[in-house]
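**Student:** Here it is: the structure, laid out below.
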Amino acid sequence: MSNAILSYDIGGTKIKSGLVRQSGEVIDQATTSSQASTGPLGIMAAADSITGPLLARNPTVKVCAGAVATGGVVDKEQGIIGTAVDFMPGWGGFEIEKAFRELVGHQVQIDNDGNCALFAEIKSQHLDDKDAVLLALGTGLGGALYLDGSVRVGASALAGHFGQTLVGGLSAAEEWQQLETFLSGSGLANMAQHIVSEHDLNDDPEQLFPDGHAVLSALPHSDIAKTALSRWTRLLARTCHNIQWSYDPDTIIIGGGMVEAKSLWWSEFQQSLCNVNKRFRLPRQMDVRPAQLGNNAAMVGAALMAWAQLEMSGYDYSA
């Protein structure tokens, strides 16, 4: 019998579940659409749909606890989502701990997906003695801070939510938009759609580029897609520059679903970073690196947090 945490990663596009050993090894996993636009009931139905088959495939695995990494601000004391992004309607205020405790049948560790992903990367890359910042480029833009040996969430659990910082003109507050509107997977699509509108083309921008995947797929034959990606990488470089001056971390880790396509944009992004360093004379070259665990980081990190909680509680693995 092998012990494992039944861990979930809930995003705006997908929900992933995996059985994770104490070492962080993923025994098996499953993925489906998160149905986030349908609200909490849709998300829970999606989670339930992959849980049964996952457990059935692994009859010799003993589930010791559950873990959930999720978008939104997590109120761990109340076991609820405090606030959530617009593309997850109804998620804010949802009693997530209770819902997943009923689904898993065990105690459940809940945390923000950025915090979970950074915790996993810290362990995987042996960065426990370093200060690190994570930028998680998924459907939206998440993030997390690891300072002085621990993940820092701030007074209201808002720390690391870089996607919620504001950009835009100063003539009216109505012009302000959240950074993730442009720096994320959906943000890349928004970049391309804006360029289509700038050129006053007859095409429907949202049909041409409905999501970030469509922009990346169009790169070989579309100048608009190339221009959008170039603007996107420069915005990412500028964000890293601002983080460096705000927190001065040893390392900035880039994670989330967009990293799976890094072969298409990482080189251009690195060049943008070099340009920023030269122009503004940073005292050292920024250490910016892709996440090692890729899109599994949040799921693994939630499980590792749950394992740590079990160790602290003196859990009896033989029971």
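**Student:** For M44, indicate whether it is under 24 Å from Q309 (Cβ atoms), open to solvent by less than 40 Å² (accessible area, probe 1.4 Å) and within 20 Å of the chain's Cα centre (by Cα). Quick ask: steps written out before the conclusion?
**Tutor:** Numbers: under 24 Å from Q309 (Cβ atoms): yes; open to solvent by less than 40 Å² (accessible area, probe 1.4 Å): yes; within 20 Å of the chain's Cα centre (by Cα): yes.
Here the answer is yes, as M44 does meet what is asked.
**Student:** Can you go through I5, I10, I15 and tell me which one is free of Cβ contacts under 8 Å to residues at least 60 places away in the same chain and either closer than 20 Å to Q309 by Cβ or crowded, with 17+ Cβ neighbours inside 10 Å (or both)? First the steps, then the outcome.
**Tutor:** Working: I5 fails: free of Cβ contacts under 8 Å to residues at least 60 places away in the same chain; I10 fails: free of Cβ contacts under 8 Å to residues at least 60 places away in the same chain.
After ruling out the rest, the residue left standing is I15.
**Student:** Which members of the range 141-172 meet the condition of being more than 21 Å from S184 (Cβ to Cβ), of a type in the set (S, T, Y) and open to solvent by 50 Å² or more (accessible area, probe 1.4 Å)?
**Tutor:** Matches in the range 141-172: S156, S171.
**Student:** I would also like to ask the following. Just need a number here: residues in the range 272-313 that are in a loop (DSSP other than H, G, I, E, B) and open to solvent by 60 Å² or more (accessible area, probe 1.4 Å). Step through it out loud before you land on a result.
**Tutor:** First, pick out the residues of the range 272-313 that are in a loop (DSSP other than H, G, I, E, B): 281-287, 291-293.
Checking which are open to solvent by 60 Å² or more (accessible area, probe 1.4 Å) leaves us with 281, 283-285, 292.
Count: 5.
**Student:** Tell me, please, whether a residue that is on the phi < 0 side of the Ramachandran plot, in contact with a helix residue (DSSP H, G or I) (Cβ under 6 Å, 6 or more places away or on another chain), of a type in the set (V, I, T) and part of a strand (DSSP E or B) can be found in the range 20-43.
**Tutor:** Yes: the range 20-43 contains one or more residues that are on the phi < 0 side of the Ramachandran plot, in contact with a helix residue (DSSP H, G or I) (Cβ under 6 Å, 6 or more places away or on another chain), of a type in the set (V, I, T) and part of a strand (DSSP E or B).
**Student:** Could you say whether any residue in the range 122-139 is under 15 Å from the mean Cα position of the chain (by Cα) and hydroxyl-bearing (S, T, Y)?
**Tutor:** Scanning the range 122-139 turns up at least one residue that is under 15 Å from the mean Cα position of the chain (by Cα) and hydroxyl-bearing (S, T, Y).
**Student:** Let me ask you something else. Return the residues of the range 32-41 that are surrounded by fewer than 17 Cβ atoms within 10 Å (Cβ to Cβ) and either hydroxyl-bearing (S, T, Y) or touching an Asp or Glu at 6+ places or on another chain (Cβ under 7 Å) (or both); say none if nothing qualifies.
**Tutor:** T32, S33, S37, T38
The values are calculated or read from the model by the stated rules, or taken from the named source; none is laboratory data. All values reported here derive from a predicted model rather than from experimental measurement. In this analysis, Cβ positions are derived from the backbone assuming ideal geometry, glycine residues included, and neighbour counts consider all displayed protein chains. Heavy atoms of the whole protein, side chains included, go into the accessibility calculation; ligands, DNA and RNA do not. Shrake-Rupley method; radii C 1.70, N 1.55, O 1.52, S 1.80 Å.
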